[in-house]
Amino acid sequence: MRNTARIVGAVAMTAAGIAVMLAGRQPSAAPAERVLRVAVSEADIEAIVKVVGGSDVSTFTLFSGCILRDGLDVDAAVREKLARADVVAWTGFFNESRAIHAWLEGIPAERRGTLTRPAWVDVSRNTKRVNVPVSACDGYVDLQFMPGDPFFWLNPENGAVIAANVADELGRIRPERREYYAANAAAFARELGAHIERWKAELAPLEGLRVFSVQCGWQNFAQLGGPKLMSCRQGPATLRTPESLATQLAASELDVILIDPNTPPGYAEACRRRTKAEVVIVPSSVASLTEAAQYPALFDTFVATLKAAAARRRAGGP
């Protein structure tokens, strides 16, 4: 099976390699007077960590771009921060842990022995997943996709679960602040729940709208109802060429094609030229919004984009 040996090796390296690499380093709770340094794999997860940790945490994102890609690496600008992190919050996706491990392993052994071993929190625990297992269009299943679509946080109903996972781990590190983190997570869940009900009401009239997302992950959001969101890859993290994809979509009688702003421009151009669908650019991460954007802002933007596209479609406009 393609890539199986590579992925199995990454899994083993995650489970055992990191422990060996960090041998002799003991997990320790940071002093109460010091802010916890939290490395987070994804900007959208970081937005939740900030709310739960409040003034107790200082956060930074480890990766930019798609976490599925081969050669994923910790961003150069935050590598030294990772070396001093108290907590690593990741999505349970082994491509992330492989990249983190690969960089940490490169730290000279004498320096590694002086660093504090970070606590790891898998924020995916107990989340709802779609496409279990995820497969390419030809039915191939990559081992690391067996739990389902890795972009589970694009279902906002998982947001409260992620917040609870973060609160549990921070509370374990700082038991005296456990109630503070739990209260922050609960407040986040209540506010997010109100947003979810509003999004469901706004999406309901869009049922029947045929939408294709070039960016993977938005099928998670489709769990709230509304339009049918479709996505298909030639393989994990592999899109067809712009012309090939546009030709395939031209026969699908789509209403809307969604494209992330970080997608190469050739895809939007080809889809506009070859299909009758409305092609719209919509962010798939808070990293593409304003610097202070919070988790719900991502879905507010997405719903507003869908509503506007649907209205233009009904009016017969461009």
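The values are calculated or read from the model by the stated rules, or taken from the named source; none is laboratory data. Nothing here was measured: the structure is a model prediction, and the numbers come from that model. Note that we place each Cβ from the backbone using ideal geometry, even for glycine, and neighbour counts take in every protein chain shown.
Given the condition under 15 Å from Trp120 (Cα atoms) and at pLDDT 95 or above, answer yes or no: does some residue in the stretch 61-72 qualify? Scanning the stretch 61-72 turns up at least one residue that is under 15 Å from Trp120 (Cα atoms) and at pLDDT 95 or above. Residues that are touching a strand residue (DSSP E or B) at 6+ places or on another chain (Cβ under 6 Å) and modelled with pLDDT of 95 or more within the stretch 23-44 comprise Val35, Leu36, Arg37, Val38, Ala39, Val40, Ser41, Ala43, listed in sequence order. Selection of the stretch 64-101 for residues being within 17 Å of Cys216 (Cα to Cα) and of a type outside the set (D, E, K, R) yields Ser64, Gly65, Cys66, Ile67, Leu68, Leu72, Thr91, Phe93, Asn95.
For first residues located in the stretch 96-121 and assigned by TED's automatic domain parsing to the domain that holds Leu62, partners that are among the aromatic types (Phe, Trp, Tyr) and lie 6+ apart or on another chain with Cβ distances below 9 Å form the pairs Glu96/Phe63; Glu96/Trp90; Ser97/Trp90; Ser97/Trp120; Ala99/Phe63; Ile100/Trp90; Trp120/Trp90; Val121/Trp90. Here the condition is being in contact with a Leu (Cβ under 9 Å, 6 or more places away or on another chain), among the charged types (D, E, K, R) and either touching a residue at least 40 places away in the same chain (Cβ under 8 Å) or outside any helix (DSSP H, G or I) (or both); of Glu176, Glu191, Glu157, it holds for Glu157 alone. Here the condition is being in a loop (DSSP other than H, G, I, E, B) and either touching a residue at least 40 places away in the same chain (Cβ under 8 Å) or out of contact with any helix residue (DSSP H, G or I) (no Cβ under 8 Å at 6 or more places or on another chain) (or both); of Thr305, Thr263, Thr301, it holds for Thr263 alone. Check off (1) crowded, with 22+ Cβ neighbours inside 10 Å; (2) modelled with pLDDT under 95; (3) out of contact with any strand residue (DSSP E or B) (no Cβ under 8 Å at 6 or more places or on another chain) for Ala163 and give me the number that stays unchecked. Here Ala163 clears every test but (2). Taken as a whole, the structure leaves Ala201 outside the set of residues that are more than 30 Å from Val256 (Cα to Cα) and at pLDDT 95 or above.
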